[in-house]
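Comments concern the structure below.
Here, each number is a calculation from the coordinates, and none is a lab measurement. Note that this is a predicted model, so its numbers are computed, not measured. When we count neighbours, we look across all protein chains shown, and the Cβ atoms used for this are built from the backbone with ideal geometry, even at glycine.
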């Protein structure tokens, strides 16, 4: 009996692939993958846009103009007007209490907001004498001096004690006497002190005075402390200066007690009083044109420069400058035009290089000297002010007008030291012989003048990238051409991954090796480094000539594409030979030391951590990236193009230059631009191998500082929302925009090349 059975066979792979359910699932996966790619691409674009707008958000306050707002109270009468005419006024740190010193020897402390009197203190003046002159020392020290009619001087200081009883802020003002509460005798003949200047320090103080009979006296006070007496005494050394005092209208003494400035209505005389026993005239110069007059003279913050206002409404900054011959003279660094009326009051900021100036017509201007920037120019009063007082933070000031009314203004001026000129052009900084590009952002003292030029940082970025690409592009591209077109497949499968593994090395390791090993090695073998560039190519050419003399049967034993293996010992031997011959060449042609010879013959200095070291280290870092992308582009050229070219009679070199390189040019160009972007944004190598000196020098033997390295170094120590902080973000924005523009142009060129050679 025959039994039949039905045997079900499994579906074949073709049947499974053509089933409806499989096709539907494959379409779903394709759509999911496509949408995932789109979402990922859009996410990257959104992230880049957000980064750009965040950088712009942080930088934008640098562009905001200064604002001036008057107080709501509309002003009030001068507090305690019966105490006399105001000689000088000042405001304490919190903008809560101000003080005015009067011509009757009173210090009237009053509330800034409403003018209520807080304290009324009498200066310890002798009853037998009267006030003949008045002046203030460094504004930030709060010291003032009263010159008396009997040849004596009283030095006082306004102080403020801050406390918090019951959780409320309380400011208690007082008057102290840093040189003692007894008048100091400056002129033993008893002549009135009609002009006076002073500088007070902890251990040494100086008073300069002009007497009624036109003598200029210098009194140097040295502090003497006794172990038996708590109160210190002052020992005076008096000197009569050999200068004419009959036309002296303004006297200023810097806080270092070295330079004394004696100004008339047209000229100024600078006297070196560092050695009180032998003062000497440094310089004498006319500060205004003939027919004009000086109307005000004040120190700029730091007391290295003078602010000189004249009768035609010009405010000029003058400073002592040492020229190439080591001669010091007064130089006019810059000037500002307020209006056409005489400038009658100038007040410098205590913490920045800014100042306020008012002319006789009540026109107010706010300037910053470093940025050479006029921030505000407005009509403040209808007539000349009597007194101008600027707060220590430069965000508030008082004006006493001619009618005896005190008015106050709030000044919003966060970042005055930034301008297009200070960021990108040469600036003449104090104590520098000429204008220059300088980055020096911070110091421990308020006297420091910030120097925030981005030009040397951009220059350093481009310089480092140029030399890195100068080393990396030839080696990477020639290596990619040989590996992708000429090299045997068995050798290529080891060489290509080996070079790509180089790209996995952390840049911090490369920077560490460059700074601690490569830089000293290059310094001690500089001649050998340059000898390698000549001896190795010469060795290869000599070997190639000798190789042609070898019988063909022997040469053909080396398979095609294995030639590089034969050349490796030649290159190693050539490098070894170069370093062996370098000392002899250095002795024959460079007097035994190449670095000394360059300095003596051409004035080229050598820093151990320099651009040459950066070029070698960063070139090594960008080679794997350029090589890998370029090699893939060359290797991916369709074989029918190369075989067709060879079949038509072209040589392998002709095929490579006329077909392969043109077809792979979009990929090669992309490799170069990606490598350039890597070099521009590199941080750790340039941070550790350049010395981080922001100088603009074309020499390959000098250091540099890049934008990225500068951000990495200074961002941790910058105060949030400060000018320094925002300028660092501006540097990041410049780097962002630069790379964006370069990459965009590179993509346009790549697309053009792809379209041009797509028909091959």
### Message
Modelling each spin label as a point 7 Å along the Cα-to-Cβ direction, I'd like the residue 587/residue 46 distance in nm, to one decimal.
### Response
7.1
### Query
Which whole-number percentage describes the relative contact order of the range 123-286, with Cα contacts under 8 Å and a sequence gap of 6 or more?
15
### Message
Could you tell me the center-to-center distance, by alpha carbons, between the range 381-429 and the range 187-222 in angstrom?
### Response
31
### Task
Using per-residue counts of other Cβ atoms within 10 Å, averaged over each peptide, order 250-256, 201-207 from highest down.
250-256, 201-207
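Explain nothing, just the number: relative contact order of the range 693-760, from Cα pairs under 8 Å at least 6 residues apart, as a whole percent. Don't skip to the answer; put the middle values down first.
Numbers: 26 pairs, mean separation 14.2, N = 68.
So the answer I get is 21 percent.
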### Task
For percent of Cα pairs over 53 Å apart, several values are listed as [x] 8; [y] 38; [z] 12; flag the one computed from this structure.
[y]
### Task
Round to the nearest 10 and give me the degree value, 0 to 90, for the angle of helix 526-549's Cα axis relative to the longest principal axis of the chain.
10
### Message
Students often get this wrong: which residues of the range 455-475 have the backbone nitrogen under 18 Å from the point 7 angstrom along Cα-to-C-beta of residue 698?
### Response
456-468, 470
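Based on the alpha-carbon gyration tensor of the range 266-305 and its eigenvalue square roots a ≥ b ≥ c, which shape applies: rounded if a/c is under 1.5, prolate if not and a/b is larger than b/c, or oblate? Show your work: numbers first, answer last.
Numbers: a/c = 3.37, a/b = 1.55, b/c = 2.17.
Verdict is oblate for the range 266-305.
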## Note on the structure
Taking Cα pairs closer than 8 Å and at least 6 residues apart, the relative contact order of the chain in percent is 9
### Query
Length gain on complete extension for the stretch residue 575 to residue 395, per 0.36 nm per residue less the alpha carbon to alpha carbon distance?
58.3 nm
### Query
How far is the Cα center of the range 39-64 from the Cα center of the range 656-711, in Å?
25
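Using the Cα gyration tensor of the range 539-697, with a ≥ b ≥ c the square roots of its eigenvalues, what is the shape: rounded (a/c below 1.5), prolate (a/b larger than b/c) or oblate (neither)?
Values: a/c = 3.00, a/b = 1.40, b/c = 2.15.
It is oblate, given that a/c is not under 1.5 and a/b is not larger than b/c.
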### Query
Angle, helix 563-589 long axis vs. longest principal axis of the chain, Cα atoms, 0 to 90°, nearest 10?
40
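Starting with the highest mean, order 83-89, 520-526 by the number of other Cβ atoms within 10 Å, averaged over the residues of each peptide. Please report the intermediate quantities before stating the final value.
Working: 83-89: 18.6, 520-526: 16.4.
Top of the packing list down: 83-89, 520-526.
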### Task
May I ask for the angle, rounded to the nearest 10°, between helix 661-681 and the longest principal axis of the chain, with both axes built from Cα atoms and the value confined to 0 to 90°?
30
### Message
I'd like to compare 575-581, 617-623, 746-752, 92-98: which one has the highest average count of other Cβ atoms within 10 Å, and what's the full order after that?
### Response
617-623, 92-98, 575-581, 746-752
